[in-house]
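One structure is given here, and the rest of the page talks about it.
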Amino acid sequence: SPNIAFLPVVSLPELETWFETWAFSETIHSRSYTHIIRNIITEPSLVFDQIVTNQEIVKRAESVTRLY
């Protein structure tokens with residue numbers, strides 16, 4: 001979450017608000033995809049489980065999160 005990465009080092013209220021808004025948008029984004037997957041896939045757990053087992057997904061996530 002942007003909050004975890006940036007709020008500890010930001011002191012401007014405008015930036016704090018921007019990071020909070022960004023985090024809110026990320027939450028909506030995540031919940032939207034979750035809702036879609038749960039409603040169009042017969043066994044959504046097969047898709048969700050791949051998030052932590054698919055090496056391409058894991059590699060991409062690690063490349064982004066190491067910057068945080």
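Test A61 against the criterion of being on the phi < 0 side of the Ramachandran plot and in contact (Cβ under 8 Å) with a residue 40 or more places away in the chain, and give yes or no.
Considered against the rule, which asks whether it is on the phi < 0 side of the Ramachandran plot and in contact (Cβ under 8 Å) with a residue 40 or more places away in the chain, A61 comes out as no.
Just the residues that are more than 18 Å from A61 (Cα to Cα), among the charged types (D, E, K, R) and surrounded by 11 or more Cβ atoms within 10 Å (Cβ to Cβ), please, taken from the range 1-47.
E16, E20, R38
In the range 48-64, what residues are assigned to a helix (DSSP H, G or I) and surrounded by 11 or more Cβ atoms within 10 Å (Cβ to Cβ)?
F48, D49, Q50, I57, V58, R60, A61
I need the full set of residues from the range 27-68 which are of a type in the set (F, W, Y) and in contact with a helix residue (DSSP H, G or I) (Cβ under 8 Å, 6 or more places away or on another chain), in order please.
Answer for the range 27-68, where residues must be of a type in the set (F, W, Y) and in contact with a helix residue (DSSP H, G or I) (Cβ under 8 Å, 6 or more places away or on another chain): F48, Y68.
L67: surrounded by 12 or more Cβ atoms within 10 Å (Cβ to Cβ) and either in a helix (DSSP H, G or I) or over 13 Å from the mean Cα position of the chain (by Cα) (or both), yes or no?
no
So if I check each of F24, F19, F6, which one is under 17 Å from the mean Cα position of the chain (by Cα) and free of Cβ contacts under 8 Å to residues at least 12 places away in the same chain?
F24
None of the figures in this text is laboratory data; all of them are computed from the coordinates on show. Since the model is a prediction, treat every value here as computed from it, not as a measurement. In this analysis, Cβ positions are derived from the backbone assuming ideal geometry, glycine residues included, and neighbour counts consider all displayed protein chains.
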